[in-house]
Amino acid sequence: MPRTALRICPLCEATCGLTLTIEGATVTGARGDREDVFSRGFICPKGAAFGGLDSDPDRLRTPLVRREGRLQEATWEEAFEVIAAAVPALVQEYGPQSAGVVLGNPNVHTMAGQLYPSLLLKALGTRNLFTASTLDQMPKHVSSGLLFGDPSAIPVPDLDRTDFLLLLGANPVESNGSLCTAPDFPGRLKALRARGGTLVVVDPRRTRTAKLADRHLAPRPGSDALLLAALARTLLAGKATVPGALAEHVQGIGELREALDSFTPEAVAPACDLTAGEIRDLARDLAAAPTAAVYGRIGSCTVEYGTLASWLVDVLNILTGNLDRPGGALFPLSATDRAPRPAGPGKGFRLGRWHSRVSGHPEAKGELPMSALAEEIETPGEGRIRALLCIAANPVLSAPDGRRLDAALAGLDFMVSIDPYLNETSRHAHVVLPPPPPSQSAHFDFSFNTFAIRNQVRYSPPAIPLEEGRMDECEIHARLVLAVSGMHGADPAAVDDLAIRTALARESADPDSPLLGQDAAHLAGMLSGATGPERRLDLMLRLGPYGDRFGADPADGFGADPADGFGAAQADRFGAATAVSGSGATEPGAGTAEGAAESGLSLERLRAHPHGIDLGPLRPRLPGLLRTRSGRIELLPDPIAAELPRLRATLADRPAALVLVGRRHLRSNNSWLHNVPALTGGSNQCTLQVHPDDAVRLGLTDGRPARVTADGGSLEVPVEITDSVRAGVVSLPHGWGHDRAGTRLSVAGAAPGVNVNQLLDGTRLDPLSGTAVLNGFPVELTPIP
Ligand SMILES: Nc1nc2c(c(=O)[nH]1)N[C@H]1C(S)=C(S)[C@@H](COP(=O)(O)OP(=O)(O)OC[C@H]3O[C@@H](n4cnc5c(=O)[nH]c(N)nc54)[C@H](O)[C@@H]3O)O[C@H]1N2
Ligand SMILES: Nc1nc2c(c(=O)[nH]1)N[C@H]1C(S)=C(S)[C@@H](COP(=O)(O)OP(=O)(O)OC[C@H]3O[C@@H](n4cnc5c(=O)[nH]c(N)nc54)[C@H](O)[C@@H]3O)O[C@H]1N2
Ligand code: SF4
Ligand SMILES: [Mo]
């Protein structure tokens with residue numbers, strides 16, 4: 001008899017609730033969970049293919065260990081023994097910097113990836129950390145760090161309530177959204193228009209998102225910072241302060257006006273390839289909207305001035321008075337965030353506390369640019385990376401110059417991959433540790449709840465018990481921490497216990513905590529959960545803004561039977577909560593009351609709500625979350641001010657004749673879903689999209705190959721002629737190039753495509769954040785006869 005089980009989808013940031021159909025130990029179907037408090041039944045083709053992905057026969061079932069140069073099946077015991085014999089010895093001999101850690105995208109979609117990497121880094125003592133963030137959103141972290149003092153405080157557009165959405169460099173109809181967790185993003189955009197709101201999309205391609213818009217501007221790629229600066233400059237004309245309640249929390253408006261003075265619409269229009277009138281109209285409409293949100297994503301981040309563009313996005317939200325107010329851009333408050341503390345000056349955010357060894361790149365948020373990984377492995381000298389731990393990452397395809405990285409990885413003394421596939425990157429490992437399929441893993445969105453357009457909390461226990469011979473990914477991580485710390489063989493639960501003890505000790509020493517002075521061991525004994533990670537989740541929920549704080553904040557309002565009639569009670573409380581924040585409960589100190597509208601949360605209570613608990617719409621959180629040294633929003637931080645002249649100087653540059661941008665397809669996901677038959681084929685192809693005018697000019701024919709050349713090399717790729725890209729721009733998706741030997745990707749290998757990142761040599765970066773320029777770089781194009 002088939003049964004069903006609930007499982008939050010781990011395949012993109014929308015975090016939809018799925019109802020899986022399970023026969024025996026196999027997922028045979030997936031549909032949207034209509035009762036999910038957040039996604040309400042929405043599903044996309046990737047979620048629907050959950051079963052095919054889960055039971056992909058190419059998934060590794062056992063660890064692999066390199067013997068006589070070849071990766072061969074091994075036991076878990078043997079795999080960790082090999083790691084324990086290799087890593088501590090290398091670190092002992094060459095120092096902690098000889099170990100490097102690479103964290104890839106799926107770590108934000110697994111509990112293990114959120115709970116253990118910080119412990120691993122601490123155990124190793126290395127600063128050689130490289131993550132997908134420097135191929136993605138690091139510009140946003142840096143701008144938030146500088147503006148708000150907290151690189152994780154990222155405002156999200158209030159999609160369901162805004163009157164005007166200005167969306168730059170994002171295509172949520174295909175990507176389902178990013179740094180803005182919103183199941184059924186497309187439906188929410190349609191709803192915005194249906195309620196009379198306005199959607200403006202800025203994208204050099206006429207994407208499916210652009211087709212939904214009231215207005216589509218297709219500027220030259222890489223020019224967003226200029227466009228946004230001109231919008232801000234227009235709004236600043238004659239303005240002495242920002243509107244509304246925000247004013248008292250903002251400093252530096254005069255300096256900002258001066259710094260942006262030369263970015264007039266007339267000055268930037270030629271570089272953006274827009275008219276000054278278009279820019280002025282947009283500024284006027286943005287300012288006139290009752291509420292508005294500006295939101296920028298990949299196309300405004302992975303460009304040369306990504307940090308400036310990311311900063312300007314929030315500058316516009318601030319200048320229009322839309323930051324931190326309903327209908328504007330607000331800061332979510334997730335159930336596992338630290339409970340709000342009283343407002344006041346913080347430590348601030350600093351860049352460049354250390355630098356990379358070879359090229360001297362400044363760190364950002366404790367990370368070095370992924371683009372610098374290859375040189376840190378290749379370049380001899382003290383601190384060279386010799387051992388690499390690569391977790392849920394495929395940088396050979398995802399990062400610039402895969403060929404160079406490929407060669408560098410092959411030269412490592414030792415490499416570990418935690419990865420379900422033997423792919424372009426993991427094929428270099430000495431030990432591959434495969435996590436179980438997602439149906440056998442528990443799920444909690446530590447990360448995406450902090451970017452969600454509604455506060456809510458959901459937990460999925462494993463839908464299927466761990467198969468014989470499998471190891472939970474949390475246990476894999478915990479054992480890896482032990483193996484690199486010289487503690488191989490110890491109980492992996494010790495790793496979780498240590499994390500719990502540390503967190504509770506900090507809490508009971510915190511004068512702002514209701515648990516001040518309490519006995520940490522006693523509190524630890526109160527935690528529930530069948531596993532270490534569950535107990536850690538329980539801890540975070542209970543200490544969090546909605547938590548029961550171990551009884552210090554009892555479960556008022558949850559009712560006698562929380563499983564019964566919870567939704568209605570919740571909705572009522574929310575009306576009240578919104579009214580409270582609207583009437584000015586944002587003074588210092590009120591922050592601590594933020595979470596009080598909902599309280600009593602624990603893992604046990606959460607598990608009584610298998611479809612999740614809705615915690616209501618986003619509410620204002622200023623000034624409580626500010627951590628700048630001034631305790632205010634610092635509108636023109638020094639590193640930004642220092643970068644503006646460089647941006648201004650680009651106005652004199654002659655733009656490249658042809659530049660390349662990426663694109664995502666609804667049925668793909670970065671580099672690792674090309675092996676699932678249900679998600680391949682159709683329009684999901686690795687083709688180079690070229691505008692008809694460029695095709696004529698360059699003598700290109702639809703369906704025929706062309707040669708693309710850029711800094712890092714050249715590729716041969718079939719041309720697709722389409723006017724969905726603007727003239728002067730070509731588009732090639734990333735994550736392809738599955739033609740390397742020694743992988744086990746039978747479906748992906750049959751239609752490999754080419755790796756767009758081979759066109760890059762890793763030298764083009766957004767200097768403030770170290771993020772690779774993946775969009776808007778110059779290319780040359782010639783037909784292949
Ligand atoms: N040119 C260009 N390049 C890009 C981008 C672009 O837009 N253009 N986008 C960039 C962006 S935004 C990102 S986030 C990066 C992503 O780049 P990466 O971080 O390298 O991520 P993926 O390509 O998704 O590869 C993920 C790896 O994790 C493995 N994996 C899948 N599920 C699990 C799991 O549950 N556990 C573990 N341990 N492993 C798992 C997969 O097999 C795969 O090897 O790519 C970047 N690269
Ligand atoms: N189906 C699917 N969903 C995904 C992923 C996937 O690979 N496939 N990846 C996931 C990941 S890791 C992420 S980070 C998110 C990303 O989610 P999004 O940010 O929505 O990313 P994209 O779909 O790549 O959209 C970026 C858009 O920017 C445009 N663009 C390029 N250069 C510029 C520029 O200079 N200026 C402007 N204004 N626009 C520009 C491109 O044409 C493209 O349409 O998606 C996630 N969801
Ligand atoms: S939109 Fe994202 S989270 Fe939702 S079903 Fe599709 S892949 Fe899964
Ligand atoms: Mo990403």
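The values are calculated or read from the model by the stated rules, or taken from the named source; none is laboratory data. Bear in mind that the values here come from a model prediction, so they are computed numbers and not experimental data. For neighbour counting, all protein chains shown are included, and Cβ atoms are generated from backbone atoms with ideal geometry for every residue, glycine included. Please note that ligands, DNA and RNA were not included when accessible areas were found on the heavy atoms of the full protein model with its side chains. Shrake-Rupley method; radii C 1.70, N 1.55, O 1.52, S 1.80 Å.
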Go through the residues of segment 112-134 one by one and say whether even a single one is away from ligand 3 (no atom under 16 Å from the Cβ), within 30 Å of residue 317 (Cα to Cα) and of a type in the set (A, V, I, L, M, F, W, C).
yes
In segment 629-654, the residues that are in a loop (DSSP other than H, G, I, E, B), surrounded by fewer than 19 Cβ atoms within 10 Å (Cβ to Cβ) and of a type outside the set (Lys, Arg):
630, 631, 653
Restricted to segment 756-772, and to residues that are in a loop (DSSP other than H, G, I, E, B) and open to solvent by 10 Å² or more (accessible area, probe 1.4 Å), which residue is nearest to residue 701 (Cα to Cα)?
761
Among 203, 150, which is of a type in the set (Asp, Glu), at pLDDT 95 or above and within 16 Å of ligand 2 (Cβ to nearest atom)?
203
Out of everything in segment 240-292 that is in a loop (DSSP other than H, G, I, E, B), open to solvent by 70 Å² or more (accessible area, probe 1.4 Å) and without any contact (Cβ under 8 Å) to a residue 40 or more places away in the chain, what residue ends up being nearest to residue 631 (Cα to Cα)?
241
Sort out which residues of segment 308-336 are away from ligand 1 (no atom under 16 Å from the Cβ) and part of a helix (DSSP H, G or I), and write them in order of number.
308, 311, 312, 313, 314, 315, 316, 317, 318, 319
Restricting attention to helices (runs of 4 or more DSSP H) lying wholly within segment 494-582, give those where 3 or more residues are surrounded by 14 or more Cβ atoms within 10 Å (Cβ to Cβ) and modelled with pLDDT under 95.
566-582
Lone unmet requirement of (1) in a helix (DSSP H, G or I); (2) more than 12 Å from ligand 1 (Cβ to nearest atom); (3) more than 30 Å from residue 161 (Cα to Cα) for residue 490:
(1)
Do we find a residue being part of a loop (DSSP other than H, G, I, E, B), more than 11 Å from ligand 3 (Cβ to nearest atom) and at pLDDT 95 or above anywhere in segment 10-17?
no
Limited to segment 376-388, what total is found for residues that are surrounded by 15 or more Cβ atoms within 10 Å (Cβ to Cβ) and either in contact (Cβ under 8 Å) with a residue 40 or more places away in the chain or closer than 14 Å to residue 99 by Cβ (or both)?
8
When restricted to 159, 189, the only residue without any contact (Cβ under 8 Å) to a residue 40 or more places away in the chain and not charged (D, E, K, R) is 189
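Each row is one residue, and each column tells you yes or no for (1) within 16 Å of ligand 2 (Cβ to nearest atom); (2) among the aliphatic types (A, V, I, L, M).
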position: 3; (1), (2): no, no
position: 14; (1), (2): yes, yes
position: 32; (1), (2): no, no
position: 56; (1), (2): no, no
position: 67; (1), (2): no, no
position: 71; (1), (2): no, yes
Residue selected from segment 418-457 under the condition more than 16 Å from ligand 1 (Cβ to nearest atom) and open to solvent by 10 Å² or more (accessible area, probe 1.4 Å), by the criterion farthest from residue 77 (Cα to Cα):
454
Any pair with Cβ under 7 angstrom, 6 or more apart, that starts in segment 686-709 at a residue that is under 9 Å from residue 721 (Cβ atoms) and ends at one that is of a type in the set (Ser, Thr, Tyr) and open to solvent by less than 50 Å² (accessible area, probe 1.4 Å)
689/722; 689/724; 689/731
For residue 24, state whether it is modelled with pLDDT of 95 or more and within 16 Å of ligand 3 (Cβ to nearest atom).
no
Filter segment 34-48 down to residues that are open to solvent by 30 Å² or more (accessible area, probe 1.4 Å) and part of a loop (DSSP other than H, G, I, E, B) and give me whichever is farthest from ligand 2 (Cβ to nearest atom).
35
Which residues, counting only those in segment 319-365, are open to solvent by 20 Å² or more (accessible area, probe 1.4 Å), under 30 Å from residue 410 (Cβ atoms) and within 18 Å of the chain's Cα centre (by Cα)?
365
Close pairs (7 angstrom Cβ cut-off, 6 or more residues apart or separate chains): part of a loop (DSSP other than H, G, I, E, B) in segment 337-350, of a type in the set (Ser, Thr, Tyr) anywhere
337/450; 340/592; 342/592; 345/630; 346/628; 348/628
Residue pairs within 7 Å by beta carbon, gap of at least six or interchain, first lying in segment 4-26 and in the same structural domain as residue 666 (by TED's automatic domain parsing) and closer than 16 Å to residue 458 by Cβ, second buried (at least 24 other Cβ atoms within 10 Å of the Cβ) and among the β-branched types (Val, Ile, Thr), listed first then second, are none
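Residues checked against (1) open to solvent by less than 10 Å² (accessible area, probe 1.4 Å); (2) part of a loop (DSSP other than H, G, I, E, B):
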position: 689; (1), (2): no, no
position: 693; (1), (2): no, no
position: 703; (1), (2): no, yes
position: 706; (1), (2): yes, no
position: 739; (1), (2): no, yes
